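Read the figures in this text as sums done on the coordinates, not as results from a lab. Bear in mind that the values here come from a model prediction, so they are computed numbers and not experimental data. Here the Cβ positions follow ideal geometry from the backbone for every residue, glycine too, while neighbour counts run over all protein chains shown.
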Amino acid sequence: MSSNDSTGKTLLVATLLCIVCSIVVSTAAVALKGQQVQNKLQDKNRNILAAANMLEPGKSVQEIFKNRLEVKLVNLDTGEYLTPEKATEQWQQEALQNPVAYDQRKAAKTPEKNEVLSGKEDIANIKRQAKYATVYLAKDEQGKVETIILPVHGYGLWSTLYGFLALETDTTTVVGLGFYEHAETPGLGGEVDNPNWKALWPGKKVYDEDGDVSIRLVKGSVDPSTPNAEHKVDALGGATLTSNGVQNLLHFWLGENGFGPYLEKVREQGV
Ligand SMILES: Cc1cc2nc3c(=O)[nH]c(=O)nc-3n(C[C@H](O)[C@H](O)[C@H](O)COP(=O)(O)O)c2cc1C
C-alpha cells in the first residue's frame with residue numbers, strides 16, 4: 001500500500017474537500033441573499049399585477065407598478081386609511097413614508113403591530129393578523145382607480161397560501177385571484193396555480209345583495225345557468241381540503257375581521 005492510500009490521508013483529503021465545499025456553498029448563499037430577496041419581491045409584485053390582469057408584454061413589472069399602482073395602509077379595525085394625522089407611532093410614520101416597504105407578514109408576528117385571533121374568528125387558521133394591511137389601488141390611464149388589490153392568506157391542507165384578490169371598485173366583482181406562495185401538493189391543491197382554474201374567477205361576485213360574503217367553492221363544475229352561479233367557483237378536483245382553505249381565507253379577509261370594514265367604507269365613500 002503506497003503512503004497516499006493510508007486511512008489518515010484519505011480522511012484528511014475528505015475533510016479538506018468538505019471544508020472547501022462548505023465555504024463555497026455558504027459564500028454563495030450569503031452573496032446571493034440580496035438577489036434572492038429582490039427576486040422574491042419581484043415575484044410578489046408580478047403576482048399583484050397578474051391578479052389585477054395588469055401585466056403587459058414589453059413592460060417591466062417595476063414600470064407598471066410605479067406608473068399604475070398606489071399603495072396604501074388600512075387600519076383593519078376601522079377600515080380607514082393610515083394618514084399622517086393618524087400616524088401616532090414611529091413605525092406608522094415610517095410606513096407612511098414608504099408603504100411598499102411595510103411588511104404585513106412581519107407585522108402579523110410583532111406583538112405591538114398584531115392582534116391575536118380567537119378560535120371562532122380565525123376561520124382562515126392564521127392565529128394572528130397585522131392591525132394594518134396593505135392595499136394596492138390600480139389606476140387607469142386617467143388616474144381613476146379601477147381595481148382594488150387585497151393581500152389574502154390562510155391555511156389549506158399542508159400550508160398557508162399567500163396571494164392577492166383583485167376586486168372592481170364595486171368591491172364585489174372579482175378581477176382575479178392568485179397565490180404566490182404555498183406548499184400544497186402539485187397536481188392536487190397545487191392546482192390553485194393552474195391558469196385554467198384561475199380563469200374561472202373573473203366576474204364572480206364575492207358578496208350577495210345583503211352584503212354577506214357569498215363566494216363558495218363547490219365540487220364539480222358550476223353550471224352558469226344555475227341560480228347563484230356568479231357566487232360559485234369549481235372546487236379543485238381531488239383537493240377539497242385546499243379548496244375549503246381557499247373559501248375560508250376569502251370569507252375571513254372579506255369579513256368583519258379582514259377587509260370588511262374597509263370595503264364597506266369604499267362602498268359608502270368611494271376609494
Ligand atoms: C400524498 C397526498 C397529497 C395530498 N395533497 C392534497 C392537497 O394538496 N390538497 C388537498 O385538498 N388534498 C390533498 N390530498 C387529498 C386529501 O387527503 C383528500 O382526500 C382530498 O382533499 C379530498 O378531496 P376530494 O373530496 O375532492 O377527493 C392529498 C392526498 C395525498 C395522499
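Here is how the numbers come out for the structure above:
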read-out: Calculated diffusion of the chain, Stokes-Einstein form, Kirkwood radius summed over Cα pairs, 25 °C and 0.890 mPa s, µm²/s; value: 118 µm²/s
read-out: Average Cα contact separation per residue, the chain, under 8 Å, 6 or more apart, as relative contact order %; value: 16 percent
read-out: Residues F164, F252, sorted so that the one with the fewest Cβ neighbours within 10 Å comes first; value: F164, F252
read-out: Nearby aspartates and glutamates by direct alpha-carbon distance to K139 (threshold 14 angstrom, same-chain neighbours under 8 apart not counted); value: E63, E70, E168
read-out: Scattering curve values for the stretch 130-270, log₁₀ I(q)/I(0), Debye with Cα scatterers, q = 0.11, 0.12, 0.16, 0.19 Å⁻¹; value: -0.39, -0.46, -0.83, -1.16
read-out: Straight-distance crosslink candidates among lysines, where the alpha carbon sits under 16 Å from K113 and sequence neighbours closer than 8 are dropped; value: K86, K127, K131
read-out: Amide hydrogen neighbours beyond the local backbone of T185, cut-off 5 Å, H modeled; value: G190
read-out: DSSP loop trypsin sites (Lys or Arg not before Pro) with at most 15 other Cβ within 10 Å: longest gap in the chain; value: 145-218
read-out: Cα-projected label distance for N125 with N53, points at 7 Å along beta-carbon direction, nm; value: 3.2 nm
read-out: Reach of K120 by Cα under 13 Å, taken over aspartates and glutamates that are not fewer than 8 positions away in the same chain; value: E256
